[in-house]
Amino acid sequence: MKLIRTTGRGATNAANVLAALERRGGAALDTVMPAVKRIVTGVRRKGDRALLRYASQFDGLSGPGALRVTCEETAAAWNATDPALRKALSTAAAQIRQFAKRQLPSSWTKPAGAGLTTGQLARPLRSVGCYVPSGRHPLPSTLLMTAIPAQVAGVVRIVVVSPKPAQETLAAAHLLGITEFYRAGGAQAIAALAYGTETIARVDKIVGPGNLFVTAAKRFVAFDCAIDMLAGPTEIVVTSDRGRAPDIASDLVAQAEHDPEALAIFITTRSELAHEVIAEVKARSRNNPVAREALDRHGLVIVASDSDEAHEITNRIAPEHLTVDSAGDLDWVQNAGSVFIGRWSAQPMGDYISGPNHTLPTGGMARVRGGLSVNDFVKLITVQEYSALGIAQLGPHAALLAEAEGLTGHAEAIRTRFKRRANRA
């Protein structure tokens, strides 16, 4: 990991590094977009024929019959899974479901003045597609994190796509009662979900993380099919003056092992702790080649001049995962995907079992949104109802606003109502 200081001779370099971090994001997607555009366009035009050709080329899938995962296969995977792991999956599912239920928005109506009632209807989306990666590691946790909030929201049709799904992922599908599951991945799976093929009917929204090709495909189809977010490589920031070096280093290594492009940053005001963490990270990543590569390329330790500057830097970075020392730190946190408090809150607990979602904003997007939640699967429809009294009281004001905008038809539609009431009186 590289160490930089925000004061002294390193101040200029630190400023440049932080400016670059704020600009991180989707630039890498441009490098794969020509190939993604070709794949997506092919599936959109040729349907199953193109989908199966790419599935064969990239995932070794043979024949159209291999595309659909049957309920018998997921049941067999569940039965073949170690009972201890089945228990772990069930426990994680219960935690995620409980949290999603607490997040679920409600329908309501309330008086908003004499003669006016306003409110909202919370309605689930009709169909969603959940992308579950299966590259470097099997990720049954991602299936739980994407499908359970959709179930809690009341989505009727939940489609899971995953290239070469592992037994653990198939078992998780059985646990949740998923009945529509396809062995499809990459940009071709995103295209199938967005536009539909003979085998896979299109969905209203696509959620879930993926590699560069998946993320670029989501960006490409976003005007035709809703998406959750453009999730890039994993990010971790630990901002601490009181933490223990072994705890901090273990979290940095844990998140770095996701991807060689993962971003891992430790921010502190204590030089001694900074050096201790660097030494711990080096020792703990020695036998973890992916983490070691990520930490060598993107690992950073920032020594700030004081706590206020450390907090400012943290919010400027807007990390996906953030660890802080105490609950009091929440007062200054403005930008983060998910926050972990104190030494016992190991970040991987949030990846699996805490309940809050592990599909989180990266690339600085934590400035404007949080992680995937049950709210991503719900639409809020606003409602308003006037009585004769309400239109008489508020109508004249609305008509004047309409005329100020030059919209005389708007004004007349309003005045017609309250004039009629006046004539009846």
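The values are calculated or read from the model by the stated rules, or taken from the named source; none is laboratory data. What you see is a predicted model, and the numbers here were worked out from it, not measured in a lab. Counting neighbours? That spans all protein chains shown, and the Cβs are built from the backbone with ideal geometry, glycine included. Remember, those area values only see protein heavy atoms, side chains included, never the ligands or the DNA or RNA. Shrake-Rupley method; radii C 1.70, N 1.55, O 1.52, S 1.80 Å.
Which one of these is crowded, with 18+ Cβ neighbours inside 10 Å and either modelled with pLDDT under 95 or of a type in the set (G, A, S) (or both): A114, A77?
None of the others qualify; the one that does is A77.
On the given criteria, is R369 under 25 Å from V155 (Cβ atoms) and not polar (S, T, N, Q)?
The answer is yes for R369.
Quick check, is L193 within 30 Å of T268 (Cα to Cα), under 22 Å from the mean Cα position of the chain (by Cα) and either in a strand (DSSP E or B) or not charged (D, E, K, R) (or both)?
Considered against the rule, which asks whether it is within 30 Å of T268 (Cα to Cα), under 22 Å from the mean Cα position of the chain (by Cα) and either in a strand (DSSP E or B) or not charged (D, E, K, R) (or both), L193 comes out as no.
Within region 217-228, take every residue that is open to solvent by 10 Å² or more (accessible area, probe 1.4 Å) and touching an Asp or Glu at 6+ places or on another chain (Cβ under 9 Å) and give me the one that is farthest from D329 (Cα to Cα).
If we take residues in region 217-228 being open to solvent by 10 Å² or more (accessible area, probe 1.4 Å) and touching an Asp or Glu at 6+ places or on another chain (Cβ under 9 Å), then A226 is farthest from D329 (Cα to Cα).
So, A398, is that one modelled with pLDDT under 95, open to solvent by 30 Å² or more (accessible area, probe 1.4 Å) and of a type in the set (A, V, I, L, M) or not?
In short, no.
Assess whether A283 counts as being touching a strand residue (DSSP E or B) at 6+ places or on another chain (Cβ under 7 Å) and at negative phi.
No: the conditions fail for A283.
Looking only at region 235-283, count every residue that is among the β-branched types (V, I, T) and either open to solvent by 20 Å² or more (accessible area, probe 1.4 Å) or in contact with a His (Cβ under 8 Å, 6 or more places away or on another chain) (or both) and tell me the total.
Final tally of qualifying residues: 5.
Can you confirm whether L389 is over 30 Å from A92 (Cβ atoms), of a type outside the set (S, T, Y) and touching a Gly at 6+ places or on another chain (Cβ under 6 Å)?
yes
Could you list, in sequence order, the residues of region 42-58 that are open to solvent by 50 Å² or more (accessible area, probe 1.4 Å) and within 29 Å of I148 (Cβ to Cβ)?
The one that is open to solvent by 50 Å² or more (accessible area, probe 1.4 Å) and within 29 Å of I148 (Cβ to Cβ): F58.
Among the numbered criteria (1) part of a helix (DSSP H, G or I); (2) open to solvent by less than 70 Å² (accessible area, probe 1.4 Å); (3) closer than 29 Å to V159 by Cβ, which one does L61 miss?
Against the list (1) part of a helix (DSSP H, G or I); (2) open to solvent by less than 70 Å² (accessible area, probe 1.4 Å); (3) closer than 29 Å to V159 by Cβ, L61 comes up short only on (1).
State the number of residues belonging to region 174-195 that are closer than 18 Å to R53 by Cβ and not aliphatic (A, V, I, L, M).
Number satisfying all stated conditions: 6.
What do you reckon, is K2 surrounded by 14 or more Cβ atoms within 10 Å (Cβ to Cβ), under 23 Å from L212 (Cα atoms), among the basic types (K, R) and in contact (Cβ under 8 Å) with a residue 60 or more places away in the chain?
Criteria not met by K2.
For T70, state whether it is surrounded by fewer than 16 Cβ atoms within 10 Å (Cβ to Cβ), in contact (Cβ under 8 Å) with a residue 60 or more places away in the chain and β-branched (V, I, T).
It is false that T70 is surrounded by fewer than 16 Cβ atoms within 10 Å (Cβ to Cβ), in contact (Cβ under 8 Å) with a residue 60 or more places away in the chain and β-branched (V, I, T).
Run down L322, L389, L380 and say which single residue is part of a helix (DSSP H, G or I) and either open to solvent by 40 Å² or more (accessible area, probe 1.4 Å) or more than 20 Å from A100 (Cβ to Cβ) (or both).
When all the criteria are applied, what remains is L389.
Given the options G350, G370, G337, G363, name the one that is surrounded by 14 or more Cβ atoms within 10 Å (Cβ to Cβ), at pLDDT below 95 and closer than 15 Å to E235 by Cβ.
Answer to the check: G363.
Quick one: would you say F213 is in a helix (DSSP H, G or I), in contact (Cβ under 8 Å) with a residue 24 or more places away in the chain and aromatic (F, W, Y)?
Judged against the criteria, F213 is a match.
Can you name the residue in region 296-310 that is part of a helix (DSSP H, G or I) and in contact with a strand residue (DSSP E or B) (Cβ under 7 Å, 6 or more places away or on another chain) and is also most open to solvent (accessible area, probe 1.4 Å) among such residues?
So the residue we want is H298.
At least 2 residues that are closer than 25 Å to G390 by Cα in each: list the strands (runs of 3 or more DSSP E) lying fully within region 80-131 that qualify.
108-111, 116-124
Sort through P260, P233 and tell me the only one that's part of a loop (DSSP other than H, G, I, E, B) and in contact (Cβ under 8 Å) with a residue 40 or more places away in the chain.
That would be P233, the only listed residue that is part of a loop (DSSP other than H, G, I, E, B) and in contact (Cβ under 8 Å) with a residue 40 or more places away in the chain.
I need the full set of residues from region 132-145 which are open to solvent by 10 Å² or more (accessible area, probe 1.4 Å) and either in contact (Cβ under 8 Å) with a residue 60 or more places away in the chain or more than 18 Å from K218 (Cα to Cα) (or both), in order please.
The answer is P133, G135, R136, H137, P138, L139, P140, S141.
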